[in-house]
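Engineer: Below is a structure I'd like to ask you about.
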Protein chains: 2
Amino acid sequence: MTPLRTNATSVAKERLRLWLNMLKAVRHVENDVRERLRAQYQMTLPQFDVMATLHNHPEGLRMSDLSQQLVVSNGNVTGIVERLVADGLAERENLESDRRASLVRVSEKGNALMDEMVVVHREWIDEIFQDISEPDAARAISIMLDIRQRRCA
Amino acid sequence: MTPLRTNATSVAKERLRLWLNMLKAVRHVENDVRERLRAQYQMTLPQFDVMATLHNHPEGLRMSDLSQQLVVSNGNVTGIVERLVADGLAERENLESDRRASLVRVSEKGNALMDEMVVVHREWIDEIFQDISEPDAARAISIMLDIRQRRCA
DNA sequence: GAAGAATACTTTATACCTCAACTGACTCGT
DNA sequence: ACGAGTCAGTTGAGGTATAAAGTATTCTTC
């Protein structure tokens, strides 16, 4: 067994371990946040994700902008926005400039709610991540970016 | 604005940024792996996750062990294992010691497949994570553990 | 300026996923 | 024993998810 091969498999194992731990950590946080959302706001996690994204873009977003921001499929967004509109939390408007597309934005009711929820949500995350120092967070962010920014579709 | 408050909100923002980046990174990797699984093995990601876990425990696992390992709900595992058994990749056996429970393990056919897939999967992850050095991986793993190991239910 | 390619989005089929309620089985105190 | 409480697992309803196919619209290119 050459040292080269040993090192290569050693890195590979560590990367796999990282991946499995990322998965568990994300699910752990998602479960925590999901439960709080349900208990305190009767809202699902995907619905909140969409609302939070819309809240960051008061000018409105297209369906494809949403699916790209959230890294989910196109058809997925259709259903979630449908429910949000039905609940009066979001609105859709046809675009004159491109009749295939439409703009989605938070409704007045949704905006008032999100003004509050965004603050509360940040506090939740702050609590869940309380053991993570600012330098650790910065370091981890940079690693997360490295993972995503690999050349690909 | 006191410096204390400034620092507190600064850390909170960085933690939120970390959370959002973790989410995107995980979805990115999941999408990549999901596509390869579908194209090369006609298997879904959750099914692979279950099979890989079972493959690591040749003696077999109970349903609740599986859901705990994968950080998913109990009812979820029921459906996935159902499909795996239907496809002949896994087997279930009633436990004499506890007639409420049952053991799940990979079938002979599933074992042969997983012997190969586990290696290929590690290569995929190694490729996707190729920009992550071993020290970075180790550091990130420790941060992921910190996130999970906070006291909670 | 019309055929063809590309785009934005929806729809359908299938699989996942949680939660809450439920069934059947174990445990334990009395 | 035996009933209250607990535990392993399933079920059903509702809500995500993806992939693939389909629709309408816009762009492109000659």
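Engineer: To the nearest 20 debye, what is the magnitude of the charge dipole of chain B about its Cα centre, counting +1 on the Cβ of each Lys and Arg and -1 on the Cβ of each Asp and Glu?
Structural biologist: Numbers: 21 positive and 23 negative charges, 217 e Å.
Rounded to the nearest 20 debye, it is 1040 debye.
Engineer: Same structure again: Report the Cα centroid-to-centroid distance between segment B:36-93 and segment A:7-75 in angstrom, as an integer.
Structural biologist: Cα centroid to Cα centroid, the span is 23 Å.
Engineer: Which order do you get for B:Glu30, B:Glu96, A:Glu127, A:Glu35 if you rank them by accessible area with a 1.4 Å probe, largest at the top? Show your work: numbers first, answer last.
Structural biologist: On the way: B:Glu30 40, B:Glu96 175, A:Glu127 70, A:Glu35 110 Å².
Sorted descending by solvent-accessible area, the residues read B:Glu96, A:Glu35, A:Glu127, B:Glu30.
Engineer: Using only helices, what value at 222 nm comes out for chain B when you add -39,500 (n - 2.57) per DSSP H run of length 4 or more and divide by the total residues, to the nearest 500 deg cm²/dmol? If you can, show how the numbers build up before the last one.
Structural biologist: Values: 6 runs with 107 residues, N = 153.
The helix-only estimate for chain B comes to -23500 deg cm²/dmol at 222 nm.
Engineer: May I ask which residue of B:His28, B:Gly110, B:Val120 lies farthest towards the positive end of the charge dipole of chain B, with charges of +1 (Lys, Arg) and -1 (Asp, Glu) on Cβ and the Cα centre as origin?
Structural biologist: Of the candidates, B:His28 comes out farthest on the positive side.
Engineer: Additional query: Evaluate Rg over Rh across segment B:44-148, taking Cα atoms for both radii and Kirkwood's formula for Rh.
Structural biologist: Numbers: Rg = 15.8 Å, Rh = 15.2 Å.
Value, to two decimals: 1.04.
Engineer: Shifting gears a bit: If the cut-off is 18 Å between C-alpha atoms, which aspartates and glutamates fall inside it for B:Lys109, apart from same-chain ones fewer than 8 positions away?
Structural biologist: Within reach: B:Asp49, B:Glu59, B:Glu82, B:Asp87, B:Glu91, B:Glu93.
Engineer: If Lys and Arg each add +1 and Asp and Glu each add -1, what is the summed charge of the other residues whose beta carbon sits under 14 Å from the beta carbon of A:Arg83?
Structural biologist: On the way: positive: A:Arg92; negative: A:Asp49, A:Glu82, A:Asp87, A:Glu91.
Within the 14 Å Cβ shell, the charges total -3.
Engineer: Per residue in segment A:25-45, which ones lose no less than 20 Å² of accessible surface when going from chain alone to all protein chains (1.4 Å probe)?
Structural biologist: The answer is A:Ala25, A:Val26, A:Arg27, A:His28, A:Val29, A:Glu30, A:Asn31.
Engineer: What length, rounded to one decimal in nm, is gained on full extension from A:Val120 through to A:Ser133, with 0.36 nm per residue of separation minus their alpha-carbon distance? Kindly include the intermediate steps, with their values, before the conclusion.
Structural biologist: On the way: separation 13, 0.36 × 13 = 4.68 nm, distance 2.01 nm.
Result for the pair: 2.7 nm of gain on full extension.
Engineer: Determine the gain in length on full extension of the stretch B:Asn7-B:Ser107; use 0.36 nm per residue of separation and subtract their C-alpha separation, reporting nm with one decimal.
Structural biologist: Numbers: separation 100, 0.36 × 100 = 36.00 nm, distance 5.50 nm.
Full-extension gain reported as 30.5 nm.
Engineer: Could you give the angle, 0 to 90 degrees to the nearest 10, between helix B:134-148's Cα long axis and the longest principal axis of the Cα atoms of chain B?
Structural biologist: On a 0 to 90 degree scale, this one is about 90.
Engineer: Continuing with this model, one more query. Lysines near B:Lys13 by alpha-carbon distance under 25 Å, same-chain residues fewer than 8 away left out - which ones?
Structural biologist: Reachable lysines: A:Lys24, B:Lys24.
Engineer: Using a 1.4 Å probe on the protein heavy atoms only, what accessible surface does B:Leu20 show? Give it in Å² to the nearest 10.
Structural biologist: Its heavy atoms expose roughly 90 Å² to the probe.
Engineer: Let me ask you something else. Two decimals, Cα atoms only, Kirkwood Rh: what is Rg/Rh over the protein assembly as shown? Intermediate results must be reported in sequence, preceding the final value.
Structural biologist: Numbers: Rg = 21.6 Å, Rh = 21.6 Å.
Looking at the protein assembly as shown, the ratio lands at 1.00.
Engineer: Compute for chains B and A the buried accessible surface, both sides summed, probe 1.4 Å, and express it in Å² to the nearest 100. Kindly include the intermediate steps, with their values, before the conclusion.
Structural biologist: Numbers: alone 11440 and 11440 Å², together 16980 Å².
Using a 1.4 Å probe, the pair buries roughly 5900 Å².
The values are calculated or read from the model by the stated rules, or taken from the named source; none is laboratory data. Everything quoted here is computed from the prediction, not taken from an experiment. We place every Cβ from the backbone using ideal geometry, glycine too, and count neighbours over all the protein chains shown. Surface areas here come from the heavy atoms of the whole protein model, side chains and all, with no ligands, DNA or RNA. Shrake-Rupley method; radii C 1.70, N 1.55, O 1.52, S 1.80 Å.
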